[in-house]
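> Here it is: the structure, laid out below.
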Amino acid sequence: MSAQAHCKEASRSGSAFSVLFADPHLVMAESICGFINEKLHCCAKGVDSLSDALEAGDRDHYDFLFYDCTLTGCFGIRGFQHLTSKFPDTAVVLFSHSVDHQFLASALDLGLRGYLPKSMPLKSLVPTIELLKSGEVFVPAQTMAQILKGSAEDRVSDTLLTSKEVNLLCLIEDGLSNKQIGGKMGVTENTVKMKLRTLYQKIGANNRMAALKIAKDLGEF
């Protein structure tokens, strides 16, 4: 049965939901649409360009938009935000071979409904789409674990002081001036000022005493 026939039949049943697959490989998109049309009795359509996706969205409402982030005009956060602005009432799901974890984390924060790797077995699409239909967000467990690990490492790196920064704090605590610190560290006074500004920004201090107190409170000094 053709995709159009499936859409008509699903519409007549009164329980239809619609899916738009935007993928640079139209044969793949149409093959997946044929499979989920058959298994889920829905209305799924495949397109291979952003312009065709936007045209389809202007013509019909879709409950879900699955897209490949390598599709021209869909790359990165700006591409995702462009899609969500054009499909404000559609759940947008990433459907790509691989994805940058930082981008994925940001997109999830902005409302991405899930990420389905193209390596996922075709038979797994049906229960995953059913899960998405129930309002859940889907990301493979391994991918989510990597995202959470990366977030934890980012938080640690944001506050962890380097050995040079700890040394700088020691010299501050000894009451040395910027010029004296520069002499000890073998750098110019201006370089010391730059290092201090960087340190202040890193731990949220605005002067020497505050930097010492915050670093001690964080257990970094």
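> Anything in segment 71-113 that is surrounded by 14 or more Cβ atoms within 10 Å (Cβ to Cβ), in a loop (DSSP other than H, G, I, E, B) and of a type in the set (S, T, Y)? List them, or say none.
T90
> Still on this model: Identify, by number, the condition in (1) over 28 Å from P88 (Cα atoms); (2) modelled with pLDDT under 90; (3) surrounded by fewer than 12 Cβ atoms within 10 Å (Cβ to Cβ) that K179 doesn't meet.
Failed condition: (2).
> Name the single residue that is modelled with the lowest pLDDT among those in segment 195-205 being under 15 Å from L171 (Cβ atoms) and of a type in the set (A, V, I, L, M, F, W, C).
L199
The values are calculated or read from the model by the stated rules, or taken from the named source; none is laboratory data. Treat the numbers as computed from the prediction; the structure is a model and nothing was measured. Note: ideal-geometry Cβ built from the backbone for every residue, glycine included; neighbour counts use all protein chains shown.
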